[in-house]
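Enquirer: There's a structure below that I have some questions on.
Rule-based calculations on the coordinates, nothing more; no lab input. Note that the coordinates shown come from a computational prediction; the quantities given were computed from them, not determined experimentally. Neighbour counts run over all protein chains shown; Cβ positions are idealised from the backbone, glycine included.
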Amino acid sequence: MWKKLILLLMIGLLAGVLYAAKEKKHTVDAKGCIGCTLCVQSCPTKAITMQGKKAVIDPEKCVNCGLCVPKCPTKAIHPPKTEKKK
Ligand code: SF4
Ligand code: SF4
């Protein structure tokens, strides 16, 4: 009984951590991307790939270094949203 509860708790915790990690990475606004590939060249972890003519960031590979942000001529790359303080 207790083992099952602890196991469920751990699975829930792990899922929450993974979800949070996935959400808090740099992202590309596809509408603003003109497909120049400058960000792809700038990423040290190769987290950015071109899908068609749009850049896409793999949240599993992005380490939030921010190097790609100033490279984008259209400011289409956005840092993770930070929670607003009340
Ligand atoms: S923030 Fe850094 S790791 Fe993430 S996509 Fe941009 S250059 Fe790559
Ligand atoms: S640098 Fe900006 S415009 Fe160029 S491919 Fe990357 S996201 Fe798109």
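Enquirer: Quick check: net charge around Ile77, other residues with Cβ under 14 Å of its Cβ, Lys/Arg +1 and Asp/Glu -1?
Expert: That works out to +4.
Enquirer: Name the long-range amide H neighbours of Ala55: under 5 Å, sequence gap of 5 or more, or other chain; modelled H, no Pro or chain starts.
Expert: Gly35
Enquirer: Just add up the charged neighbours of Thr37: K/R +1, D/E -1, any other residue whose Cβ is under 12 Å from the Cβ of Thr37.
Expert: Counting the neighbours of Thr37, the net charge comes to +3.
Enquirer: Ok, one more. What ranking do Cys33, Cys65, Cys39 get, fewest neighbouring Cβ atoms within 10 angstrom at the top?
Expert: The most exposed by this proxy come first: Cys65, Cys33, Cys39.
Enquirer: Here's another thing I want to ask about it. Could you put Lys25, Lys81 in order, starting from the residue whose Cβ has the fewest other Cβ atoms within 10 Å?
Expert: The fewest-first ordering by Cβ neighbours comes to Lys81, Lys25.
Enquirer: Something else: Using modelled amide H (1.01 Å from N, peptide plane; none on Pro or chain starts), what sits under 5 Å from the amide H of Thr27, excluding residues fewer than 5 places away?
Expert: His78
Enquirer: Based on other C-beta atoms within 10 Å, arrange Cys68, Cys36 from fewest to most.
Expert: Going from least to most buried by this count: Cys36, Cys68.
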